[in-house]
Amino acid sequence: MKTKSIADLTPFCRAYLITALWSSVDDNGDPLDDRFDLSDLSPECLASAVADCAAFEADNAETIANAIATGKVISGPDFGPNDRAGHDFWLTRNGHGCGFWDGDWPEPYGQMLTDAAHVWGAVDLYVGDDEKVHGG
C-alpha cells in the first residue's frame, strides 16, 4: 500500500504520526511538533509509518474492535477510540509513560494490544540535513 500524500492517511495512522511528532524531540530537546507537521515527513518515514500502522491495525483489528465494543475505551478531545489505537500504538511501542496498558483500554484487551505493540520495537524520529523528519 503506497500512500501518495498525508491526505490518504487512515485515521489510525494520522493519530500515530501526530503522536510521534509531539512525543519526539530534536537535538535541542524541543518537541518536533513545535516546528514540523505531517507535511514535513520524509517519503521514507511516511511509507514506513503507513506500513507499520496498516500491519498493526490489520493484525489486531479484532482486539481493537472488541475493546471499543465494550464502550470502556477512554478517548480524549483529540482522538476517538479508533484513532486512540494509533496514538497508543506509537506510545506503547516506544516505551512512553502511557499507552494501551495504562487503563484507558479495558482488560484483557489493553494487555493484548500492549504485547502486540512491544513486538514492533522502538522508532526514533530525527531531523535530517534536508529539514525533513526521518525515522522508521
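The values are calculated or read from the model by the stated rules, or taken from the named source; none is laboratory data. This one's a predicted model, so the numbers in the text were calculated from it and none came from an experiment. With ideal geometry, Cβ positions are generated from the backbone for all residues, glycine too; neighbour counts draw on all protein chains shown.
Pro43 meets each of the listed conditions (1) in contact (Cβ under 8 Å) with a residue 12 or more places away in the chain; (2) within 15 Å of His134 (Cβ to Cβ) apart from (1). Listed by first and then second residue, the pairs with beta-carbon distance under 8 Å, at least 6 apart or on different chains, first residue in the range 23-37 and closer than 17 Å to His96 by Cα, second assigned to a loop (DSSP other than H, G, I, E, B) and among the basic types (Lys, Arg), are Asp26/Arg35. Residue count for the range 33-47 under the criterion of being under 15 Å from the mean Cα position of the chain (by Cα) and not in a loop (DSSP other than H, G, I, E, B): the result is 6. Can you pull out every residue in the range 89-136 that is in a helix (DSSP H, G or I), buried (at least 16 other Cβ atoms within 10 Å of the Cβ) and free of Cβ contacts under 8 Å to residues at least 24 places away in the same chain? Selection gives Phe100, Trp101, Thr114. With respect to the conditions (1) surrounded by 12 or more Cβ atoms within 10 Å (Cβ to Cβ); (2) of a type outside the set (A, V, I, L, M); (3) modelled with pLDDT under 95, Asp27 falls short on a single one, namely (1).
Anything in the range 85-128 that is acidic (Asp, Glu) and either under 15 Å from the mean Cα position of the chain (by Cα) or at pLDDT 95 or above (or both)? List them, or say none.
Taking the range 85-128 first, the residues acidic (Asp, Glu) are 88, 102, 104, 107, 115, 124.
Residues satisfying the conditions are Asp88, Glu107, Asp115, Asp124.
In the range 1-24, the qualifying residues are those that are in a loop (DSSP other than H, G, I, E, B) and β-branched (Val, Ile, Thr), and the one that is modelled with the lowest pLDDT is Thr3.
Name the residue, out of Val50, Val73, that is assigned to a helix (DSSP H, G or I) and touching a residue at least 12 places away in the same chain (Cβ under 8 Å). Selected residue: Val50, the only one of Val50, Val73 that is assigned to a helix (DSSP H, G or I) and touching a residue at least 12 places away in the same chain (Cβ under 8 Å).
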